[in-house]
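Only one structure is covered here, and it is reproduced in the block below.
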Amino acid sequence: MKIFCRYVAFFCLSLALWPNGVQGKLLTAYISDSPSSSVPKWIAKEAGLFKKYGLDVDLVFIDGSTRGIQALLAGDLSFTEAVGTSAINGKMAGGNIAIINGIVNTLPYYIVGSPAVKSPEDLKGRTAAVHIPGTAADFALRLALKRVGIPYNQIKAITIGGGPARIMALINGQVEFTVASDAEKIKGESLGQKTIIDMAAFKVPFQFTCMVTTTKMIREQPDNVRRMVEAIAAGIHFFKTNKEETLRIMSKYTRGQDRTLLEGAYSAYSQLLVADTYPTLEGLRNTLEVQASWDAKVAKAKAEDFVELRFVDQLKSSGFLEKLYGRK
């Protein structure tokens with residue numbers, strides 16, 4: 001909460017400095033300090049890709065996509081990284097926002113627990129470190145529990161926050177299991193924890209991460225939206241083709257995390273990051289189907305309602321991707 005409040009103060013200061021709102025300067029949020037799908041944004045900043053594609057970006061960390069979407073809706077951001085679930089919730093709540101690309105289109109998560117947890121069914125009644133509702137981690141945990149027949153209200157959920165904090169809560173014995181990405185899974189296993197459920201193995205189409213902006217931004221500054229989509233695509237290309245420099249950037253943003261963990265995350269996300277940055281409409285449909293079970297309003301929604309695809313379409317039609325990857 002202290003971190004979030006600090007960034008709220010930063011947003012207010014930013015708006016005070018720019019009395020007409022965000023103009024040339026674009027305040028953009030990433031939502032995870034784990035070495036995962038936020039990395040293309042780190043790369044775009046550190047490798048000068050934002051500047052290369054004509055953007056003046058201040059990149060800030062907001063812990064969790066729900067908070068990122070809230071800041072976007074409040075007018076404090078030009079763009080935010082988000083999970084599809086948060087974008088859907090923001091739109092369904094009346095927000096004029098749209099997903100403009102897809103960065104990871106499946107659920108790369110694991111349920112990791114203490115050695116005392118003998119099986120997936122043994123999670124029932126145990127204490128879990130969780131993220132705030134609406135995040136990818138929250139959705140992944142709920143889906144994993146559903147697959148093994150455990151209602152969410154039959155675990156003892158403690159909201160901890162991001163992946164690094166959740167895995168430390170498990171390692172320190174504060175909880176008995178958590179939901180983790182690759183880097184946290186590797187760290188947990190190295191310190192005696194074990195993987196209970198491999199969500200990644202299910203290969204569930206899911207809009208794990210994407211970039212979201214307002215329909216006002218799309219209407220009034222379409223060139224900046226196009227440039228953002230290009231810069232993120234270039235960041236993914238950089239990730240896939242410049243391993244050592246990418247690892248250096250990952251180390252900086254994760255405050256010197258262990259090289260073995262970074263290597264593991266790099267290996268996983270080399271496969272997971274979407275080169276053409278096209279959102280997964282199937283993944284959005286899957287999310288809508290799950291959410292419709294408790295929210296009747298969602299039942300009538302369509303995946304297409306939540307996306308603006310013209311910018312990723314332009315990546316293909318303009319030859320941008322072919323040039324980027326050296327294809328003919």
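The values are calculated or read from the model by the stated rules, or taken from the named source; none is laboratory data. Treat the numbers as computed from the prediction; the structure is a model and nothing was measured. Using ideal geometry, Cβ is built from the backbone for each residue, glycine included, and neighbour counts are taken over all protein chains shown. Remember, those area values only see protein heavy atoms, side chains included, never the ligands or the DNA or RNA. Shrake-Rupley method; radii C 1.70, N 1.55, O 1.52, S 1.80 Å.
Using the Cα atoms of the stretch 134-193 to build a convex hull, what is its mean projected area in square nanometres?
Over all viewing directions, the stretch 134-193 projects a mean Cα-hull area of 4.1 nm².
Once fully extended, how much extra length lies between Asn242 and Ser267, figured as 0.36 nm per residue of separation less the alpha-carbon to alpha-carbon distance?
7.8 nm
Please list, or write none, the lysines whose alpha carbon is within less than 17 Å of the alpha carbon of Lys194, excluding same-chain residues fewer than 8 places away.
Lys118, Lys124, Lys185
Sorted by mean Cβ packing within 10 Å, highest first, what order do the peptides 216-224, 231-239, 296-304 take?
231-239, 216-224, 296-304
About the Cα centre of the stretch 44-188, how large is the charge dipole given +1 on each Lys and Arg Cβ and -1 on each Asp and Glu Cβ? Please answer in debye to the nearest 20. If you can, show how the numbers build up before the last one.
Working: 15 positive and 12 negative charges, 81 e Å.
Using Cβ point charges on Lys, Arg, Asp and Glu, the stretch 44-188 gives about 400 debye.
With label points built 7 Å along Cα→Cβ from the Cα atoms of Ala74 and Ser119, find their separation and express it in nm.
Going from the Ala74 label point to the Ser119 one covers 4.7 nm.
With runs of 4+ DSSP H residues as the only contributors, calculate the mean residue ellipticity of the chain at 222 nm using -39,500 (n - 2.57) per run, divided by the residue total and rounded to the nearest 500. Show your work: numbers first, answer last.
Values: 15 runs with 152 residues, N = 328.
Rounded to the nearest 500, the figure is -13500 deg cm²/dmol.
Given a 1.4 angstrom probe, what's the average accessible area per residue across the stretch 186-304, in square angstrom? Write out the running numbers ahead of the final one.
Numbers: 5470 Å² over 119 residues.
Computed with neighbouring chains in place, this is 46 Å² per residue.
So what does the Cα-only Debye profile of the stretch 217-258 read at q = 0.24 Å⁻¹, as log10 I(q)/I(0), no solvent term?
Normalising to I(0) and taking log10 leaves -0.77.
Over 26 Å between Cα atoms: which of Lys51/Lys323; Lys52/Lys216; Lys91/Lys243 fall into that group?
Those over the limit are Lys91/Lys243.
For the stretch 68-118, just run the numbers: alpha carbon Rg, then divide by 2.2 N^0.38 Å, N being how many residues it has.
For the stretch 68-118, the normalised Cα radius of gyration comes out at 1.58.
Can you list, largest first and rounded to whole Å, the semi-axes you get for the chain by taking the square root of 5 times each eigenvalue of its Cα gyration tensor?
Working from the Cα gyration tensor, I get semi-axes of 31, 22, 20 Å.
Tell me, how many Å apart are the Cα centres for the stretch 260-312 and for the stretch 19-83?
18 Å
How large is ³J(HN,Hα) for each residue in the stretch 93-100, as worked out from phi by the Karplus curve 6.51 cos²θ - 1.76 cosθ + 1.60 (θ = phi - 60°), to whole Hz, x for Gly and Pro?
Karplus-based 3J(HN,Hα) across the stretch 93-100 equals 7, x, x, 8, 9, 8, 6, 10 Hz.
So who's got an amide H within less than 5 Å of the one on Gln207, skipping anything under 5 residues away but keeping other chains? H placed 1.01 Å off N, in plane.
Gly84, Leu284
Which order do the peptides 305-318, 64-77 come out in when sorted by mean C-beta neighbours inside 10 angstrom, highest first? Before the final figure, lay out each step's value.
Working: 305-318: 17.0, 64-77: 23.2.
The peptides rank, most packed first, as 64-77, 305-318.
With a ≥ b ≥ c taken as the square roots of the eigenvalues of the C-alpha gyration tensor of the stretch 195-294, please select rounded if a/c is under 1.5 and otherwise prolate if a/b is larger than b/c or oblate if it is not?
It comes out oblate by the Cα gyration axes.
With θ set to phi - 60° and the Karplus curve 6.51 cos²θ - 1.76 cosθ + 1.60, what are the ³J(HN,Hα) couplings of the stretch 29-38 in order, to the nearest whole Hz, using x for Gly and Pro?
Along the stretch 29-38, the couplings run 10, 10, 10, 9, 9, 8, x, 9, 7, 7 Hz.
Residues in the stretch 208-246 near a label at Glu289, defined as backbone nitrogen under 18 Å from the 7 Å Cα→Cβ point?
Output list for this probe position: 208.
Quick check: convex hull over the Cα atoms of the stretch 161-236, volume per residue in Å³, rounded to an integer?
Normalising the Cα hull of the stretch 161-236 by residue number yields 134 Å³.
How big is the shadow of the Cα convex hull of the stretch 15-124, averaged over all directions, in nm²? Could you put the intermediate results ahead of the total?
On the way: hull surface 39.0 nm².
Result: 9.7 nm².
Where Rh is the Kirkwood radius over the Cα pairs of the stretch 239-328, the temperature 25 °C and the viscosity 0.890 mPa s, what D in µm²/s does Stokes-Einstein return?
151 µm²/s
Placing unit charges on C-beta atoms (Lys and Arg positive, Asp and Glu negative, everything else neutral), compute the dipole magnitude of the chain about its Cα centre in debye, rounded to 20.
20 debye
How long are the three semi-axes of the equivalent ellipsoid of the stretch 87-225, in whole Å, if each is the root of 5 times an eigenvalue of the C-alpha gyration tensor, listed from largest down?
Semi-axes (√(5λ), whole Å): 32, 15, 13.
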